[in-house]
Amino acid sequence: MLETYSDAIHFADESLSQDILPLCKDTASPEPDRSRRKILVVDDQKLIADTIVQIFQDAGFEAVAAYDGWSALEIAGRLRPDLLLSDVLMPQMNGVQLAIAMRRNHPETKIVLFTGQAGISEILLEGKEKGYEFELLPKPIHPLKLIERIKEQL
Amino acid sequence: MESTSPVQPKSAFGNNARSSPSASERPGTEPDAIDARFHLAAIVESSDDPIISKDLSDSITSWNNAATRVFGYEPEEIIGQSILRLIPPELRHEEDRNFETLQTGQRIEHFETARLRKNGERFPVSVTISPIKNAEGRIVGSSRIVRDISNRLKSDESQFRLAAIVDSADDAIVSKDLNGIVKTWNLAASRIFGYTAEEMVGQSILKLIPDNLNYEEDEILRKLRAGERIDHYETTRRRKNGELFDVSVTISPIRDESGRVIGASKIARDISQRKQFELLLIQSEKIAATGRMAAAVAHEINNPLESLINLIFLARQDSPEGSKAHKLLLTAEEELERVSHIARQTLGYYRETGTPAEVFLHDLIENVLTVYNSKIISNSISVAANFNDLQKITVSKGELLQVFSNVIANAIDAMNTGGTLDISTRNFVGPSGPGIQIVISDTGIGIQAEHLPRVFEPFFTTKGNMGTGLGLWVTRQLLESRGGQISIASNSSKKNSGTVVTIFVPFARPQPNMSAEQKNG
């Protein structure tokens, strides 16, 4: 059901969303595995980072927020996250630069980027030129869908 | 030559007078006759036009000052010579004809012909010839007044040229007097306003001015009397058929020799077409701006939307199931999802991954059909698929998914009470080269003829509140940025309604410098 819902959320026409949205009623169930996965959430918008952390925690993950690339790297050194979820467009260090740094320092960490802007191709190209390719999610994204995509990565 | 007066006129009246017996044989009348003669001589001398007389043998018998000036001969060299010396050879026969006319006692007036000056130069003249009769009334010769009309012809010529210029102009050129009465009306004016020259000359110019703009005429006349010009003044005028249209008018005063303003010349350019183009330009600018603005707005709101979605979700998780708060938050979540949907659509951003991949288009279509399966069943729609795209094509999966989703969703919406959804794909060679053609047709209610040209317009929808009006617009943007095309045909008549959407995607990706912005702003 979630599968159908998630695909529909991608490109359902507004006339159909009335049928499909009621599926939102599903609530996230906690991860059943023993070791809780650790997720580092980075966004210069504090509200976004904090709400996503809360959502991940409710879903059974261990989640920590950072609001810029430097502190993210610092926290990652201590936390050793399983996954990094980072906004792309941030001042000083953007998400791609952070991701490349994470790859170098913590190659085992999965990386997912997300952004509200389409014109990030140049930034992604920067990563591509260095041989990196990252999973990209659109903003805004429904929490359930976000969780699902993250689970796919882990 | 004997003379009884100290004043000797330079030109002689010739032998005719002296050979006439009466004059010299009446000593009693001599002083009066002589006075009269000199009076006449003076008149002839003071004439601006050449006056020449000849006898019956065509010998010139008198030659005045003006004749000397115009022809170049002095009297002594021409008197006694044949008048034919002054006439171009091919015109000499005219003299005979003239003589016949004179025989009947008639004058010949303003006869236009040509003469020769002493230097051989030919020039146009207007000649008035009168017979000279003796006392018995017998014609003994003729006298002619020769007017050099070369200047008049020149000015006629330039007048004709000016008239031709005015008539060949594209703009209406109209002249009027200070009472607003039309004096001249050129061809373009007839074409533009619809009135012929006969219909307008002598009429008031107010005939062309819409009633609510009549005050303009007073204002114009006031300025003209002050000697001012009116340049490229944009206003509205009225054609013969009543149609109002936009013009650009330039009005200049017409002055007489003393510089007094006696009327006005008006050049009116029909700018209705230009205005139409301007409107279209503004419209397309608006649409382009809408695109740009939408992108900017969407980008600005995506972050707050993300926060909102998260906050409401968390709040809903926290509220007891079945509680009022829970229900309200659920509704809020749904509304928010709708807003997000619009934001995602207007952004034109839709990528799961950053790079395009090689896919079979029919796989993407199957994907979409699966998603809409429940709706297809509930609407009693039967699906016929004919997939003949035998080649993979490099596309952005997310973008093409959105394209097919928009089109198929429209088809499903058009068939509320059942119908057939026909989808076919095949290899095809389009104008930009080989690629894949997809045809999606339905037997739904169709799109009305007056709506059809507008379906790709942003914010145009036939779905009332349910539609954002952005689906097809975004679809076309996505396709065109990939170098593809989309076209829609539809029939909304009750019997045979349905819509056919044809999509083409070329194999070759467009060059990097051909951005979506360049194509559609």
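When you count, for each residue, the other Cβ atoms within 10 Å and take the mean per peptide, how do B:34-45, B:496-507, A:51-62 rank with the highest first?
Descending mean neighbour count gives A:51-62, B:496-507, B:34-45.
How many partner chain Cβ atoms sit within 10 Å of a residue's Cβ in peptide B:308-320, on average, as a whole number?
Average neighbour count from other chains, rounded to a whole number: 5.
I'd like to compare B:251-257, B:123-129: which one has the highest average count of other Cβ atoms within 10 Å, and what's the full order after that?
Highest to lowest by the protection proxy: B:123-129, B:251-257.
Inside 10 Å of the C-beta atoms of A:139-150, what's the mean count of C-beta atoms belonging to other chains?
If you average over the peptide's residues, the count of other-chain Cβ atoms is 5.
Starting from the amide H of A:ALA63, placed 1.01 Å from N in the peptide plane, find each other amide H under 5 Å away whose residue is 5 or more places distant or on another chain.
Residues meeting the amide H criterion: A:ILE39.
Tilt of helix B:471-481 relative to the longest C-alpha principal axis of chain B, in degrees (0 to 90, nearest 10)?
Compared with the principal axis, the helix lies near 70 degrees.
Please give the FRET efficiency for B:ASP167 paired with B:LYS392, using the beta carbon to beta carbon distance and R0 = 45 Å, rounded to the nearest 0.05.
According to the calculation, E is roughly 0.10.
What is the P(r) of chain B, as percent of Cα-Cα pairs per 20 Å bin from 0?
15, 23, 20, 15, 12, 11, 4, 0
Within 12 Å, Cβ to Cβ, of B:GLU457, how many net charges do the neighbouring residues add up to if Lys/Arg are +1 and Asp/Glu are -1?
+3
In what sequence do B:ARG426, B:ARG238 fall when counting other Cβ within 10 Å, fewest first?
Sorted ascending by nearby Cβ count, the order is B:ARG426, B:ARG238.
Quick one: length gained pulling B:SER47 to B:GLU112 fully straight, 0.36 nm per residue minus the C-alpha distance?
Net length gain for the segment: 21.5 nm.
Give, rounded to the nearest 20 debye, the magnitude of the charge dipole that segment B:137-181 has about its Cα centre when Lys and Arg contribute +1 at Cβ and Asp and Glu contribute -1 at Cβ.
Around 600 debye, computed over segment B:137-181.
Using just the Cα positions, wrap segment B:43-132 in a convex hull and report its mean projected area in square nanometres, one decimal place.
If I average the Cα hull's projected area over directions, I get 5.6 nm².
Where the Cα atoms of segment B:105-163 are projected onto their three principal axes, how long is each span, largest first, in whole Å?
The Cα atoms of segment B:105-163 stretch 53, 29, 11 Å along their principal axes.
What whole-number volume per residue, in cubic angstrom, does the convex hull of the C-alpha atoms of segment B:169-270 give?
Per residue, the Cα convex hull of segment B:169-270 comes to 89 Å³.
Taking neighbour counts of Cβ atoms within 10 Å as a proxy for exposure, in what order, fewest first, do B:MET415, B:MET200, A:MET93 appear?
With the sparsest Cβ surroundings first, the list reads A:MET93, B:MET415, B:MET200.
Karplus couplings for segment B:319-334 from phi (6.51 cos²θ - 1.76 cosθ + 1.60, θ = phi - 60°), rounded to Hz, Gly and Pro as x?
8, x, 4, x, 6, 4, 4, 4, 4, 4, 5, 4, 4, 4, 4, 5
Return the lysines within reach of B:LYS494: Cα separation strictly under 24 angstrom, same-chain partners fewer than 8 residues apart disregarded; answer none if there are no such residues.
Excluding near neighbours in sequence, the set is B:LYS375, B:LYS463.
Taken together, the values in this text are just the output of simple stated rules run on the coordinates, not laboratory data. Since the model is a prediction, treat every value here as computed from it, not as a measurement. Note: ideal-geometry Cβ built from the backbone for every residue, glycine included; neighbour counts use all protein chains shown.
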